[in-house]
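*Asks:* Here it is, the structure in full.
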Amino acid sequence: MKFPAQRPRRLRRTEALRGLVRETRLTASGLIYPMFVCPGSKVRKEVGSMPGVHQQSADQIVEECREVEQLGLPGIILFGLPETKDTTGSSSLAADGVVQRAIAAIRKANLKLLILTDVCLCEYTDHGHCGVIKGGDVDNDATLPILAEQALSHARAGADIVAPSDMMDGRVAAIRQTLDQHHFANVAILSYAAKYSSGFYGPFREAAQSTPQFGDRRSYQMDPANAREALKEVALDLQEGADMVMVKPALPYLDIIRRVRQRFDVPVAAYNVSGEYAMLKAAAQKGWLDEQRVALEILTGIRRAGADIILTYHAKDAARWLKGN
């Protein structure tokens, strides 16, 4: 029998050949590193469920940002652990709040990094929900002005991009209007447009100290069973003024990333979340998986699905691995 003329293995024979014809290219320039800033100075406490990730004071954040810059990563996203919490998350608005101080410290250090900030109330409220509670439920409209003021305080401190993650209806419009009114038209919005109510957030809630004190977030975060709804959420956020959109989590929602990428001609981000990171770390510590190989495979898969930007706790390691270090 004559063998077929096509032999796909010809182009897999060496690394040089594989690299030449590679369809999806993963680079450090598309990775964003999440960081958790806490009060105090010289504080650096590892998160138990997320080896290698720390809660840090602003001075320590700056030192790690120097490393982030040297690795060729374009930026970081900040999450805050405040000194005080209350029913409305008022500490998130303070000019000298934890995130605001960290932004100022990074700017003072003249680091050439993009500074993204998470805009939400869950870390700042004593009940752990992402908005103001009225009648036992999150009041959507009462939450919007607080989110807008929080985003404005981040812009005033020097943030390049604000990223609302609360999933309140109309929050992008409220934030855009407030930023523009105060002459921050150049501050971009990366909307957590399709954020699902996921069990993969567990380790993050330890890191950000943001576990709900009652109930859950299913009334405002998306149902994991819904795909068409994600496209509706993205369309609404773009109409309201979002510059970029995000799908979160990443691994269980690769199909959503693909649908968003095919439907909308805007930058698409995906969040490789804490639970995804923790699973791989645990398996690697047990010797069950090769962390480097699997992490790069996961990130390549997210990129292949259509994500232009990936927020990942593996960002620093991936940058080293991609350089061959």
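The values are calculated or read from the model by the stated rules, or taken from the named source; none is laboratory data. Quantities reported herein were computed from a predicted structural model and do not represent experimental measurements. Reconstructed Cβ throughout: ideal geometry from the backbone, glycine too, with neighbour counts over all protein chains shown. Quick note on the areas: whole protein, heavy atoms, side chains included, nothing else; ligands and nucleic acids left out. Shrake-Rupley method; radii C 1.70, N 1.55, O 1.52, S 1.80 Å.
*Asks:* Any residue at all in the range 250-261 that's open to solvent by less than 30 Å² (accessible area, probe 1.4 Å), touching a helix residue (DSSP H, G or I) at 6+ places or on another chain (Cβ under 8 Å) and either of a type in the set (D, E, K, R) or outside any helix (DSSP H, G or I) (or both)?
*Replies:* Yes, because at least one residue in the range 250-261 is open to solvent by less than 30 Å² (accessible area, probe 1.4 Å), touching a helix residue (DSSP H, G or I) at 6+ places or on another chain (Cβ under 8 Å) and either of a type in the set (D, E, K, R) or outside any helix (DSSP H, G or I) (or both).
*Asks:* In the range 26-45, which residues are assigned to a loop (DSSP other than H, G, I, E, B) and either touching a Ser or Thr at 6+ places or on another chain (Cβ under 8 Å) or surrounded by fewer than 10 Cβ atoms within 10 Å (Cβ to Cβ) (or both)?
*Replies:* Leu26, Cys38, Pro39, Gly40, Ser41, Lys42, Val43
*Asks:* Among the residues of the range 241-257, are any under 24 Å from Ala148 (Cβ atoms), of a type in the set (Asp, Glu) and touching a strand residue (DSSP E or B) at 6+ places or on another chain (Cβ under 9 Å)?
*Replies:* yes
*Asks:* Of the residues Gly30, Gly19, Gly40, which is among the small types (Gly, Ala, Ser) and touching a residue at least 60 places away in the same chain (Cβ under 8 Å)?
*Replies:* When all the criteria are applied, what remains is Gly30.
*Asks:* Considering only residues of the range 131-190 that are at pLDDT 95 or above and in a strand (DSSP E or B), which is farthest from Lys232 (Cα to Cα)?
*Replies:* By that ranking, first place goes to Ile161.
*Asks:* Looking only at the range 212-245, count every residue that is farther than 30 Å from Val187 by Cβ, in contact (Cβ under 8 Å) with a residue 12 or more places away in the chain and touching a helix residue (DSSP H, G or I) at 6+ places or on another chain (Cβ under 9 Å) and tell me the total.
*Replies:* The total comes to 3.
*Asks:* A further question on this structure: What residue, of Ile103, Ile77, is within 25 Å of Ala282 (Cβ to Cβ) and either of a type in the set (Val, Ile, Thr) or assigned to a helix (DSSP H, G or I) (or both)?
*Replies:* On inspection, the qualifying residue turns out to be Ile77.
*Asks:* Moving on to the next point. Between a first residue in the range 69-96 that is among the polar types (S, T, N, Q) and a second residue that is part of a loop (DSSP other than H, G, I, E, B) and surrounded by fewer than 18 Cβ atoms within 10 Å (Cβ to Cβ), which pairs have beta carbons less than 8 Å apart while being 6 or more apart in sequence or on different chains?
*Replies:* Thr87/Asp126; Ser91/Glu83; Ser91/Thr84
*Asks:* Same structure, new question: So Lys281 fits all but one of (1) under 14 Å from the mean Cα position of the chain (by Cα); (2) basic (Lys, Arg); (3) open to solvent by 20 Å² or more (accessible area, probe 1.4 Å); what number is the exception?
*Replies:* (1)
*Asks:* Examine the range 181-188 for a residue that is touching an Asp or Glu at 6+ places or on another chain (Cβ under 8 Å), under 30 Å from Gln56 (Cβ atoms) and surrounded by 13 or more Cβ atoms within 10 Å (Cβ to Cβ), and state whether such a residue exists.
*Replies:* Checking the range 181-188: at least one residue is touching an Asp or Glu at 6+ places or on another chain (Cβ under 8 Å), under 30 Å from Gln56 (Cβ atoms) and surrounded by 13 or more Cβ atoms within 10 Å (Cβ to Cβ).
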